[in-house]
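In what follows, a single structure is set out as structure tokens and then discussed.
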């Protein structure tokens, strides 16, 4: 037998042997399983802190949010997951719609999470807040020229706007909120205006878009605040400024990273404890600061870097609207030609 | 008349009834094997199709009106561009390397396979990072020519087509090499003797003769292009696959996504049947030459053109992106990334296991087709290779749902509490469903090269099917098996959506790591795991190249 | 004595088509037989049926007295004790010559196997070449390895499927004779299938001529040549022409240039009724005789080294062939004297009466 043959065969045998290892049964009280759409690097610090404090081990399974919801649906009563974390409210709404979340009654969470940042039916709770606002090239635009999202649809901005792709959930949530505020017809007009003003194809991600703004390909763009935070941390000399949109109207569009208990999770009590801990002041800073986001808990102050951006008026609409109107928003964007 | 006992046999040997219809029983056995494999692979697809019932009619209407026409156009354009470019690149380079000698030819012979180690989506984000408006190239050009310089948009169908072509041409290159190495010499000699110039000989004889190989390579390329999501998202090109994702993630309707995916399946099936038809008619023939003769040298300055062409492709498809990744990795150096190292180990292990499983399955399938030919086995074999045609995430859902179904049904049936979902079995089964097509091609080709008379000769010499498999088929199939294993290994290591969905806890691969980082826009941080992925991809590539060079040695027909 | 190979009314075919129809033959131990016929006559199918690759539709096949094939029951080839030499030799390309030869001996101990391998390689004249790879050998050498491989397990029957067709013509003759000698020396029973009658003549003790799946004649080579059973055999074996003639009541045949005794084959092939018949004239039956009153005009000539084959036009427009020593070189169009040299000719019923 030649060497590659032998090598392949041995490794194959080892792999098969590994396959026969039984799936580890869930140990009650000692381990929680979390399905997280938020990447591991951004949830691991918290989970490690929790484990250190309480001794409960947390297994985080990461995947795209749609896939996680499908998993929960398919697994049904057999699911090993206790908690679901997503990076936007729309998918939390969807999860609740699909019936994979469990409503809980928690005064602690009700106190820690403002009403517009949690599910009215108590199936999920926001844990961090980020804003999606305007960013501009300081050499091309003065802050005074900017005002609202809606204003960017005006012909004055022709060829000066950059946007991220409509396929990403953050823009879908933004448009959903526009629909909620202005109704579908007006929202479609606004989006059409945006599309007409685009300086380039929508970008695959916020960071690239911000870099394009800084390079002068366009004058202004809409992005999540934490991307700005990360970018400026790496390249502080970029001519990029942040502007809080809609301060004199409805307020900046915000979204949350949130979580909810799974309906068929085997350890609801322990999961609830974890959730409450994540909303508590000690965890909030840990959660939010690692990613330039703001904590939901009003008792916690955001990090210095975030505070440096200035305070802002956030939209008081319940983020659940983002989910409720997401499908409408996607259709609207299709009609308007916003890719 | 009763048979008279022959002393040598020690008594009348009654006609063994098992021997009676053993041929028939064997055929039935193999038919069952094929059906089982096909069922295994098709189950996720079927499960997916059952979701079509959930499809939202108003959604379909909306998609038909606003999304699908443009999407069809883009997909068609993209696929055509990529197919054309990979055919030209792959066949052209293969011809150059196979038939000519020029400076660096020996190095390029294997180096042109290197892009296989680099996932298309990595090349995509590197390309966009380098070439887009804010990237170093355009910034430098603007410094030279003024800030108002506007270049054609990088993030477009053209850009995506370029990246996909550079990523996928090795499939065509590899297969065409096989064709030209084994047939090229003869073809050229025959053509030249008939008065054709070298160029005419290429276009009118060699290229048509290599059609079966070309078709097989292009099939892989087209399927990969149709199913691709990572690259087209980076370029923000709307294809059929992005429409599928949009239906699922944006419009919250897996049913609609399944419906669209079933269309892709149909296209994939039609493509596979066409390719099979193209290949089947041409058949396989072995030649008298034992080893591919070295090519003829090119004279004068034109040699350097050849070198430049190869070098150019290699630069664009591999060397430059690699350099950029190295720059990114070193600029953000925060110490040895243990997580990535562990992920590399996992990646390799999963890849090897998957390769072994896929190749074994492909061998069974090929064997079954040989032992029990017929319409049923043909159809089943085509079906079994369909998993390649649909987007990974969609197949992942199918696999996942099928497995959870099994998890519910099996304990009820057998009374034993056991789970498949979440274990390695799940992810390996998913890999088989997806990559059987990749492994099946080389194995089938190798099997076809084993003449029937060898089987007959072995049987007459007393070898039953087990001995034939071990002593005749496996040794002769070894090159094909290794080619198949190497191709599958390279593909599995780059695979992301299925891995993401079915991986057991703690089994993050490098592709998963890259995804997590790039989904948050952290391109630079993704550089290190990308490099690790390329490095681990070099092992199977070296195997691939060794097979490509040495395959023509053994022949089953005598030299003339 | 039990024949080593016996076919009883064996019929083979597929998909509604009968390829071999009720074939009957017997081969005694130690003899070499041949199935001869044009392409498509079914001889290869018959061979494959004997080998066990094709099932029987009807009838029975027995090897060494053991029933191996019946309608609905086929003993697989690996269970039969046969050896086979294939048209393309089918040497295993990944095994050396010695390993090829030893492939069928896997049940023996290694030492015994090695001994037998070297023995059989010696027998076929390839002693010392055990370590050669098949692709390093010439066609003739590969053929010998294939033969050694088939003989090494000492099977009950050896089947040869057009074994010389891939070789150079000169090699064919000498190899055919060599192989025949070898088989006889070892007492092997063999059945050869070919379309080349020279091979058949060189090797076989008995020839069976197949046409369209039916056995036309089973006889010694001499008898098939001189006493063809019917017009088909006559047309296939050897060269010659069929000439229309009259069979006279006294048993003689009146030809344009002479009178000859007709011959039937006492009982097996009785003479047809007096009247118009077709008569087989071989080239060696018509000889050049300057003294003969009958002449013929030369239409064509084919130089064959020692002889020239003339195509002659006889009186009455009949064409005949004549094989003449080549120093009698006549031009085309010349008239030469001919006469019948046969002491008998074979007569067949005229076409109208068949």
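Working from Cα positions, state the angle (0 to 90°, nearest 10) between the long axis of helix C:110-123 and the longest principal axis of chain C. Computed tilt is about 20 degrees.
Looking only at C:198, C:206, C:294, which one moves most when chain C is put into a Gaussian network model with springs between Cα atoms under 10 Å? Of C:198, C:206, C:294, the Gaussian network model singles out C:294 as fluctuating most.
Only helices enter this figure: runs of n ≥ 4 DSSP H residues, each worth -39500 (n - 2.57), summed and divided by the residues of chain A, yield -13000 deg cm²/dmol at 222 nm to the nearest 500. Summarising the label geometry, the points placed 7 Å from Cα in the beta-carbon direction at residue A:49 and residue A:269 lie 2.6 nm from one another.
For chain B, the gyration tensor built on C-alpha atoms gives an oblate shape. Its axis ratio a/c (a ≥ b ≥ c) is at least 1.5, and a/b is not larger than b/c.
A simple packing score, the average count of other Cβ atoms within 10 Å per residue, orders the peptides A:167-179, C:272-284 as A:167-179, C:272-284, with the highest score first. Largest GNM mean-square fluctuation among A:245, A:199, A:288, using chain A with Cα springs under 10 Å: A:199. Here residue B:26 and residue C:248 are evaluated by their C-beta separation; at R0 = 60 Å the FRET efficiency comes out at 0.40. Here the spin labels are modelled as points 7 Å beyond Cα on the Cα-Cβ line, and at residue B:542 and residue A:115 they lie 6.8 nm apart. The order of A:207, C:224, going from fewest to most other C-beta atoms within 10 Å of their C-beta, is A:207, C:224.
Between the beta carbons of residue B:77 and residue A:154, assuming R0 = 25 Å, the FRET efficiency works out to 0.15 to the nearest 0.05.
Helix-only arithmetic for chain C: the sum of -39500 (n - 2.57) across DSSP H runs with n ≥ 4, divided by the residue total, places the mean residue ellipticity at 222 nm at -6500 deg cm²/dmol. Computed extension length for residue C:332-residue C:115: 71.9 nm, one decimal, from 0.36 nm per residue of separation with the Cα-Cα distance subtracted. Take each residue of peptide B:484-492, count the partner chain Cβ atoms within 10 Å of its Cβ, and average: the result is 1.
Overall form of the range B:140-241: oblate. Here a/c, set by the Cα gyration tensor axes a ≥ b ≥ c, is 1.5 or more, and a/b is not larger than b/c.
How do B:52, C:237, C:50, A:58 rank when sorted from fewest to most other Cβ atoms within 10 Å of their own Cβ?
Working: B:52 16, C:237 24, C:50 30, A:58 20.
Going from sparsest to densest Cβ surroundings: B:52, A:58, C:237, C:50.
Among A:188, A:293, A:40, the residue with the largest mean-square fluctuation in a Gaussian network model of chain A, with springs joining Cα atoms closer than 10 Å, is A:40.
Just from its helices, what would the mean residue ellipticity at 222 nm be for chain B, if runs of 4 or more DSSP H residues each count -39500 (n - 2.57) and the sum is divided by every residue, rounded to the nearest 500 deg cm²/dmol?
Numbers: 26 runs with 384 residues, N = 560.
Roughly -22500 deg cm²/dmol at 222 nm, from the helical runs in chain B.
When B:505, B:125 are sorted by how many other C-beta atoms sit within 10 angstrom of their C-beta, beginning with the fewest, the order is B:505, B:125. Please work out whether the range A:23-116 counts as rounded, prolate or oblate from its C-alpha gyration tensor, where a ≥ b ≥ c are the square roots of the eigenvalues and a/c under 1.5 means rounded, while otherwise a/b larger than b/c means prolate and anything else oblate? Rounded.
Here the label points at residue C:17 and residue A:280, each 7 Å from Cα along the C-beta direction, are separated by 8.6 nm in the simple model.
No lab work stands behind these numbers, since they all come straight from the coordinates. A quick note: this is a predicted structure, and the numbers were derived from the prediction, not measured. Cβ atoms come from the backbone with ideal geometry, glycine included; neighbour counts cover every protein chain shown.
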